[in-house]
1. So which of LYS18/LYS361; LYS157/LYS317; LYS241/LYS345; LYS361/LYS397; LYS157/LYS265; LYS202/LYS255 end up more than 31 Å apart by C-alpha?
2. How long is the stretch 196-310 along each principal axis, judged by its Cα atoms, biggest number first, in Å?
3. Which value, in nm² and rounded to one decimal, describes the direction-averaged projected area of the C-alpha convex hull of the stretch 1-49?
4. Please identify, among LEU257, LEU321, LEU286, the residue showing maximal mean-square fluctuation in a Gaussian network model of the chain using a 10 angstrom Cα cutoff.
5. Can you compute the equivalent ellipsoid semi-axes for the stretch 258-375, i.e. the square root of 5 times each eigenvalue of the Cα gyration tensor, sorted largest first and rounded to whole Å?
6. Quick check: pseudo-label points 7 Å beyond the Cα along Cα→Cβ at ASP388 and THR81, how many nm apart are they?
7. Give the Kirkwood hydrodynamic radius (Å, one decimal) of the stretch 14-288, defined as one over the mean of 1/r across all pairs of different Cα atoms.
8. In the stretch 134-248, how does Rg compare with the Kirkwood Rh, expressed as the Rg/Rh ratio over alpha carbon atoms?
Amino acid sequence: MIYLDHAAATPVDARVLKAMEPYFTDDFFNPSAAYLPAKKVSAEYEEAKSKIAHAIGAKQSDLVITAGATEANNLAFTAMTTRKCSSSSERSLAPVVTGLGRSVFSTSENMLLGREHSSRLLYLETEHDSVRRVAEQYGGLAVKVLPNGVIDLEDLKAKITDDVQLISVSLANNEIGTIQPLADISSIIREVKIDRYKRGVKTQLLLHSDASQALNLLDINVARLGVDLLTLNAAKVYGPKGVGALYVSHEAKLKPLTVGGGQEKGLRSGTENVPGVIGFARAVELAKEHLNGNRKKYTNWRKILLAELEGYELINKKHCLDNFVVLCFPGLDAERLIYLLEDEKVYVSTGAACAASKGEKSHVLAAISLSDDQIAGSLRITFGETNDEAQIHEAAKIINRVVAKERARVNG
Ligand code: PLP
């Protein structure tokens, strides 16, 4: 088997599994219990959380453990307050001048003038459904990407009206691997905050980023990125599925999605998933250790694949994670290619695994202005730890063979 879909799932690393095992059996205690063995487990759980936090330049107390990235993304949005406007000046009809050298209009004026709705929440149009769907429920407004998949900063600036409280932009996209310039976004936010402060506008403005795909391949530091909320996902870094975390800065005040025993400072009640978090911490440690080596290796494999493949159009040319290769085979149906490749034991995908299973057109590929024909012919290849260089050569050979056969069939 040649598995080239590491953005969808990664196998649990043997070292991660080994670290987790005792916590299923010998050290099974509930960390909240009063006796000594439970206290030991509790201390080890906290220690594991510290390791995860330190890997992103945060403190243990800044992390809320969740059952995966979907939950972390949902939890992040509870930072929104229900208050619409915080000062009378925000409700005025006068144009609001931001610190960015242009005029933008407050919500009330946008509505009166029949302009595009302003919103309390902005999100990138290419976000994963666990951000997009929640954002839609909050009445969020989508920020556009440029044809290269990178956020359109001008569109972002134009949409930060005084009502906006939260902006959600993933660190790296899960379909095309595009890395977003978070530091630039956070400096725009800083300017807006200064401007709001000068004008007495008290609405909070937070930056959330879903870093599910990035932890493996980028050196993440919350201060450097300037984020207030950051989602992590163990399942994408050779850790267990159903384990994630949300970094929460002191500026963000969250509301729990579930209530109960008050674990995770009341933000995520429920008995702690001790083996999951121990495994997550080990996985993060390994990811850090291998970060630079893996990046070089994947960059080289990308070059090999692009040199050896034939008849494709490269979709993700720049600004993307090193392990992502998105290719379009014009005139062919990628869904069919996937099944034909599966017959050869090569596993690739058309995009997000969840969208692919529902047979939906990729909103990400549509957002980067690909035609329907290009979208229909696009394949996502994501390298990872299960691969070696020989597999990349072999995969190129098999893909070329399958594509040539399919092209001959299509052309009659
Ligand atoms: N965010 C991104 C960018 C993802 O790639 C995924 C999973 O594919 C998720 C969130 C959701 O993660 P989970 O299904 O583990 O909750």
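Every number here is computed from the coordinates shown, using simple stated rules; none is lab data. If you're wondering where the values come from, they're calculated on a predicted model, not measured in any experiment. Every residue, glycine as well, gets a Cβ built from its backbone with ideal geometry; the counts of neighbours run over all protein chains shown.
1. LYS18/LYS361; LYS157/LYS265
2. Reported extents, whole Å, longest axis first: 56, 44, 27.
3. Averaged projected area of the stretch 1-49's Cα convex hull equals 4.9 nm².
4. Comparing LEU257, LEU321, LEU286 in a Gaussian network model of the chain, the most mobile one is LEU257.
5. Ellipsoid semi-axes (Å, largest first): 36, 22, 14.
6. Simple spin-label model gives 5.8 nm for this pair.
7. 19.5
8. Expressed as Rg/Rh, it is 0.98.
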